[in-house]
Each structure stands twice: as structure tokens, then as C-alpha cells.
């Protein structure tokens, strides 16, 4: 049900894995818009099936802000129980929950409280795209890492994010890796599929 993509350092040591739903239908079609009930159900299934691996390995799991707001109480329990579980806020980061559920101030406060309670357990996907920059800046002391595509990373001479790690995404070839090796802390992509041991 899940595909595990290794996240590695420059020496190909595995830092952890991103857990992705593995279906015949591509994930972008399933999650074209935030679907909090489905997202939280899939997270529960992942934790149930990988509880033993979570004791020894780090995993990142994708959630929209909408799902985090709706499932904040259960998410808090899971983050407390599994120190190796990290939450990756998806590209829906700035697609806000409907006003009938919560106001902008309320959803932001829920997210801020979670990140303060669990510092360095959240990653921001697609950094430097859309409005993710403003979300990073507002909560910058609590992020563990930001993910940046190599296409964007190659357009930047240098990027300093204090204590936030940079993960280069979509590293597909050796050439890709060599161009961003000195610009990021961790790396993810097809290039590492056969160079690392997958659980």
C-alpha cells in the first residue's frame, strides 16, 4: 500500500524515508484538493502497518494543513508516541480550511501550537513555490527542513535557512546530484533508488 522513498545525505547514508501511497492512480489525482478524512485514514493505516519500523527508522508523511487542523488531537498523540514520525506539509499548505470549519487565525494557531509542541518534526514541501515562503518565515524557528526541487535550487547561488535543513527533491540522475550536492543537506529522487537499501 505504501512506497518508501529514501532520503539520503551526500554520502548516500539514509536519513529516513518518505512514505507515499502506492496505487495505480497517481497521488496528485487523488489529492488534487485536500481530503482530510482520507489523509488521516491513510496516516492511521501507515502507522498501524509500520509501527515496528517507526521504532528504528525516520519516516515523513504528507498532510495538508486542512488535515492537520481537523486531526490535530490524534496527530499530537501519534507524534508523542512515535518520535521518528515527521509531518511534511504538502503543496496544499496555503489552501485553507473552509471558514465554516475554522477561521484563518484559528487554523494558523492550531498549526503553530503543534509545531511549538513538536519542534523540528515538520517539513515544508515545495519551498520557494507559491506562498510557502511566507509560511516558512512565520514559523521558521520550528521547521526541521524544507524541500526544494533541483530546478529551483539550481537557480539559487546560496540559501541560508539558519537551523533548517534543505532537502533537494527530484534528483533523477548523477548530473542532477552533482549540481546540487553542495547546495543541500539531504537528497531525494529516483537516482538513489538502487543505491540505498529500502525497507
The lone exception for residue 194 - which of (1) modelled with pLDDT of 90 or more; (2) loosely packed, with under 12 Cβ neighbours inside 10 Å; (3) under 20 Å from residue 18 (Cβ atoms) it fails: (1)
Residues of the range 138-189 that turn out to be over 16 Å from the mean Cα position of the chain (by Cα) and surrounded by fewer than 16 Cβ atoms within 10 Å (Cβ to Cβ), as a count: 21
Per-region count, the range 49-64, residues within 17 Å of the chain's Cα centre (by Cα) and either at pLDDT below 85 or assigned to a loop (DSSP other than H, G, I, E, B) (or both): 3
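Each row is one residue, and each column tells you yes or no for (1) outside any helix (DSSP H, G or I); (2) at pLDDT 85 or above; (3) at positive phi.
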position	(1), (2), (3)
12	yes, yes, yes
29	no, no, no
41	no, yes, no
47	no, yes, no
Tabulated pairs, the range 78-89, first at pLDDT below 95, second assigned to a helix (DSSP H, G or I), C-beta under 7 angstrom, 6+ apart or interchain: 89/65
Residue that is under 28 Å from residue 168 (Cα atoms), in contact with a helix residue (DSSP H, G or I) (Cβ under 9 Å, 6 or more places away or on another chain) and at pLDDT below 95, where the choices are 68, 101: 68
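The values are calculated or read from the model by the stated rules, or taken from the named source; none is laboratory data. Just so it is clear, the model here is predicted, and its values are computed rather than measured. Please note: Cβ atoms are built from the backbone with ideal geometry, for glycine as well, and neighbour counts cover all protein chains shown.
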